[in-house]
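Novice: This is the structure, below, for whatever I ask next.
The values are calculated or read from the model by the stated rules, or taken from the named source; none is laboratory data. Not measured: the values here are computed from a predicted model. Note that we place each Cβ from the backbone using ideal geometry, even for glycine, and neighbour counts take in every protein chain shown.
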Amino acid sequence: MTTRPLPAVNGGGDDGRGDRSADLAPNDGSGQPGRGLRALELTAGLAGGGLLLLGVVLLLLQFVAPQLIDGADGPGWPAVLAHLLVGGAGEAGRGLRSRFPTWARALLAGLTVLAVLAVLVLFWWR
C-alpha cells in the first residue's frame, strides 16, 4: 500500500511565484485581501472611528460649553457636522467593505483617509 500527498487546498503551498503578501489582492483565487489593503483599511478604520468619536465630543461641547464658560459658543455647527458626517461615512464604509470587490475596497479606504485628513486640516489647522 502506498500513499501520496493530497493536493493543496485553496491555492495553498508554494507556487514558485515568490512572496506576494504585500499586494493589494493576491491572485491566488483565495479572495483574501493582501497586506497592503489590510493596512490601508486599518488606517481608514482608525481614522474614521477617531473622527466620529471626536465629532461626538464636539457635539457635546456645542451644548455644554456655553453653560460652562461665559461667552463661549462651542466649536460651531459646521465643525461638528463635518466630523460626524465624515466619521460616520467612514465607519459605514468599513462595515460594508466585505460586499465590495478589492479595487473598490482600496478606493473606499483611500478616500476615507483623505476625507479625514481634509476635515482635520480645515477645522483644526486654520
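Novice: Inspect the stretch 93-105 for any residue being buried (at least 20 other Cβ atoms within 10 Å of the Cβ), out of contact with any strand residue (DSSP E or B) (no Cβ under 9 Å at 6 or more places or on another chain) and of a type in the set (Val, Ile, Thr) and give the result as yes or no.
Specialist: no
Novice: Across the stretch 78-92, what is the total count of residues that are crowded, with 20+ Cβ neighbours inside 10 Å and within 11 Å of the chain's Cα centre (by Cα)?
Specialist: 2
Novice: Is it the case that residue 86 is hydrophobic (A, V, I, L, M, F, W, C) and more than 14 Å from residue 117 (Cα to Cα)?
Specialist: It is false that residue 86 is hydrophobic (A, V, I, L, M, F, W, C) and more than 14 Å from residue 117 (Cα to Cα).
Novice: Based on what the data block shows, is residue 28 at pLDDT below 55, farther than 14 Å from residue 105 by Cβ, surrounded by fewer than 10 Cβ atoms within 10 Å (Cβ to Cβ) and out of contact with any Ser or Thr (no Cβ under 7 Å at 6 or more places or on another chain)?
Specialist: Judged against the criteria, residue 28 is not a match.
Novice: For the stretch 55-72, state whether one or more residues are within 10 Å of the chain's Cα centre (by Cα) and either under 17 Å from residue 33 (Cβ atoms) or part of a helix (DSSP H, G or I) (or both).
Specialist: Scanning the stretch 55-72 turns up no residue that is within 10 Å of the chain's Cα centre (by Cα) and either under 17 Å from residue 33 (Cβ atoms) or part of a helix (DSSP H, G or I) (or both).
Novice: Something else now. Any residue in the stretch 46-67 that is β-branched (Val, Ile, Thr) and at pLDDT below 90?
Specialist: Yes, some residue in the stretch 46-67 is β-branched (Val, Ile, Thr) and at pLDDT below 90.
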